[in-house]
Each structure stands twice: as C-alpha cells, then as structure tokens.
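Notes follow the structure.
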Ligand SMILES: [Mg+2]
C-alpha cells in the first residue's frame, strides 16, 4: 500500500460505535441494562440506579469497575446481563468486510466490552472471522480504556509495535494513550461536540464513518 498508512502492519479497531453506527441503537440499550442491573442489585429505584451507574462510570471508567471494587460483583454475570440487547438493527456490511480484509496486516479488536458480546456484534455485522484477535475487558484485567496500562498490555500480549499500529475509535479520549505510544490514530466522529483544543494533539485523522474512510484508502492504493 503506497499511502500514508503504508508503514502500518497492525490495524486495531474499537468495537462499539466504530464498527457500526449510532443508528443501531445498541449503546442506549446497554446503558439501560446497566441501570437495571444496578436497580436489581441494590433494590433501588430506576433513577437512583442511573445515578449510581453514572457515578461509578465517572469514578472507575466503567460501572463494572465500581461494582467490582466496592461490591465484588462477578464481571462475567454482569457483562452477560448488560449485553443482552436487541441487535436487530445491526445489518450485515459486506463492503466493510471486504475493505477490512483487504488491509495489509493484522486486524484486531480492542474493546471495553467482553469477547462473547463482541462476537455477537461481529456476527450481526457479517464480520465474523475477519479479526485475528479480540482484546477485551477481561484481558485488560478490567481496567478499561483510556487507562494506559491496558494499551501496554495490548501491545505486549499481542506483540504489537505501536509505531506500526493504527487505532480507530469513536471515543476521542481513548486515542490519547495510543498516540502517546506512537500509534497512528483515527477518530470516528459521530457529530459529537468535543473540545478540539483538548483532543487535537492525539488525533491524526478525523473521519465520519469507517467504510467511507477505508474506501478512500483503497482508492488511493489503486490509483498509485
Ligand atoms: Mg466505541
């Protein structure tokens, strides 16, 4: 590939809202399932549960982090419950599959969710079998992005050279530690207002959707 990405040998993708768009309405369902878990666990009102969900998310990076740290909740049972969502709005993406498969090098997933859920999302998108490995929240020892220790673990365990790696994410702040390690960073911007001065130092490229961006890469490759 003769392009600005020709040094890349590891293509790392976030999962949620990166390999599918907001129209699939997945994350709102997951948030509601998290609140329902908290509601049942503490036997409290829905409003109080949403408050705890948000408080733990702010303090620990995920609600699960708070539930594990303060209440020794089992992460597997929790993750099964919160990811029990309707995926009927996720559609197969045959073009995206071809585009990702055509990338020269390893294709990997780096997600704060767990691998069983990731496999379900990938199957619903027709992307099963495309990715060599899924580095999930369990392999992060439940320390979610953007904690830099999890990026170190990712690179060590999967033998990734950050200087030859590219990371695509919709959460801009999750790109910071990747850039600090020397990765090329791609931000999928779903029209979300962020403080540009805050995020600009670690965003190399901003894109609207992954398929359009990959199609432009492959076009460049063909025309050179
Ligand atoms: Mg995401």
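Which order do the peptides 30-37, 7-14 come out in when sorted by mean C-beta neighbours inside 10 angstrom, highest first?
Taking the mean over residues of other Cβ atoms within 10 Å, the ranking is 7-14, 30-37.
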Binned Cα-Cα distance frequencies in the stretch 1-58 - 5 Å width, integer %: 4, 16, 17, 12, 13, 11, 8, 6, 5, 5, 3, 0
Two-site label geometry, residue 27 and residue 76: point separation in nm, points 7 Å out along Cα→Cβ: 2.9 nm
Paired Rg and Dmax values of the chain, which use every Cα atom, in angstrom: 17.7, 62
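What does the helix-only formula give at 222 nm for the chain: each DSSP H stretch with n ≥ 4 adding -39500 (n - 2.57), the total divided by the residues, and the result rounded to the nearest 500 deg cm²/dmol?
Taking each H run of at least 4 residues, the total per residue is -13000 deg cm²/dmol.
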Protection proxy ranking of 120-127, 39-46, 153-160 - average other beta-carbon atoms within 10 Å, highest first: 120-127, 153-160, 39-46
Potential extension, residue 190-residue 3 segment - 0.36 nm per residue separation minus Cα distance: 64.8 nm
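Computed from the coordinates by the stated procedures, all read-outs in this text should not be read as laboratory data. Remember, it's a predicted structure, so these values are computed and weren't measured experimentally. Please note: Cβ atoms are built from the backbone with ideal geometry, for glycine as well, and neighbour counts cover all protein chains shown.
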